[in-house]
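What follows is a short report on a single structure.
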């Protein structure tokens, strides 16, 4: 028996929320969306702390590197903004592409980010400059995940394909098309070496040893996927206004959170985050709400 229990509502955004990020301090959450403001929240007090910084456009992605005291945002205008916690100020804010930045991840001092122009860019977080650019697809890139074991970056695209980019070879070594619509979500399980993808086609695909399994997951687009560390839980967020928990071993549905069952989201759920602080799962969406959840796993 698994249940999602809501423990807090975080209110204050005036536009849809598209990005969440846990700080290097695991009780601190950052959120951003349509109003172009990055908000800091305390998960101890379940309250806002302050607006970190603002941009002129909708923010679609947030990232906190593990190895550097930075908070990074990417927005609709292709602007990258970097806030330095040590200096307590914005240290970089520049338009690096003319198209929206939809996802990013960091490896050491390098930031990899994807955008609507089909490009994967490598940005040096010490020198604050782009050091490499690679055209991955002729259409928008929407999701990104990292396979540390094989040094691969997986990229989900609007053309329905998932591209595997080798950091070592600096090229796409393969691409796969199993989804029938754009790939909005990717997450990789380093322990089991399994990739999970979610798409506007409402399906979740499980990529294991070059074979794929399918879960008919939602009624509408799968907007985000999240693996909970040290569990067999995969969490999905959808445009159908629901959050679902899946068993990665059996592929069975374990729990659902929505407006009817447990006072869930009233509109599309766009993004998820997990923090080891109290093992919270955090969701946000078009209803401008951030919900904090715990998983209750009984027998």
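The values are calculated or read from the model by the stated rules, or taken from the named source; none is laboratory data. What you see is a predicted model; the values in this text were computed from it and never measured. Note that each Cβ is placed from the backbone with ideal geometry, even for glycine, and that neighbours are counted across all protein chains shown.
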Please indicate, with yes or no, whether at least one residue in region 41-55 is under 18 Å from residue 271 (Cα atoms) and either at pLDDT 95 or above or not in a loop (DSSP other than H, G, I, E, B) (or both).
yes
Can you tell me which residues in region 229-242 are under 16 Å from the mean Cα position of the chain (by Cα) and under 21 Å from residue 156 (Cα atoms)?
234, 235, 236, 237, 238, 239
Based on what the data block shows, is residue 237 touching a residue at least 40 places away in the same chain (Cβ under 8 Å) and within 13 Å of residue 202 (Cβ to Cβ)?
yes
With the requirement that a residue be in contact with a strand residue (DSSP E or B) (Cβ under 7 Å, 6 or more places away or on another chain) and assigned to a loop (DSSP other than H, G, I, E, B), what does region 66-84 give you?
69, 76, 77, 78
Which residues, counting only those in region 117-130, are closer than 24 Å to residue 162 by Cβ and either in contact with a helix residue (DSSP H, G or I) (Cβ under 8 Å, 6 or more places away or on another chain) or touching a residue at least 40 places away in the same chain (Cβ under 8 Å) (or both)?
120, 123
Within region 4-23, the count of residues that are touching a strand residue (DSSP E or B) at 6+ places or on another chain (Cβ under 7 Å), in a loop (DSSP other than H, G, I, E, B) and under 18 Å from residue 286 (Cβ atoms) comes to 4
Determine whether region 246-253 contains at least one residue that is under 23 Å from residue 60 (Cβ atoms) and under 19 Å from the mean Cα position of the chain (by Cα).
no
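From 71, 96, 105, 90, which residue is buried (at least 22 other Cβ atoms within 10 Å of the Cβ), over 25 Å from residue 294 (Cβ atoms) and free of Cβ contacts under 8 Å to residues at least 60 places away in the same chain?
Working: 96 fails: buried (at least 22 other Cβ atoms within 10 Å of the Cβ); 105 fails: buried (at least 22 other Cβ atoms within 10 Å of the Cβ); 90 fails: buried (at least 22 other Cβ atoms within 10 Å of the Cβ).
Among 71, 96, 105, 90, only 71 is buried (at least 22 other Cβ atoms within 10 Å of the Cβ), over 25 Å from residue 294 (Cβ atoms) and free of Cβ contacts under 8 Å to residues at least 60 places away in the same chain.
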Exclusive hit being under 18 Å from the mean Cα position of the chain (by Cα) and on the phi < 0 side of the Ramachandran plot, set 173, 153
153
Spot the failing condition for residue 266; the list is (1) free of Cβ contacts under 8 Å to residues at least 24 places away in the same chain; (2) touching a helix residue (DSSP H, G or I) at 6+ places or on another chain (Cβ under 8 Å), and only one is missed.
(1)
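Per-residue answers, yes or no, for (1) touching a residue at least 40 places away in the same chain (Cβ under 8 Å); (2) crowded, with 16+ Cβ neighbours inside 10 Å:
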| residue | (1), (2) |
| --- | --- |
| 9 | yes, no |
| 16 | yes, yes |
| 21 | yes, yes |
| 29 | yes, yes |
| 41 | yes, yes |
| 51 | no, no |
| 55 | no, yes |
Got at least one residue in region 31-39 being touching a residue at least 40 places away in the same chain (Cβ under 8 Å) and within 25 Å of residue 127 (Cα to Cα)?
yes
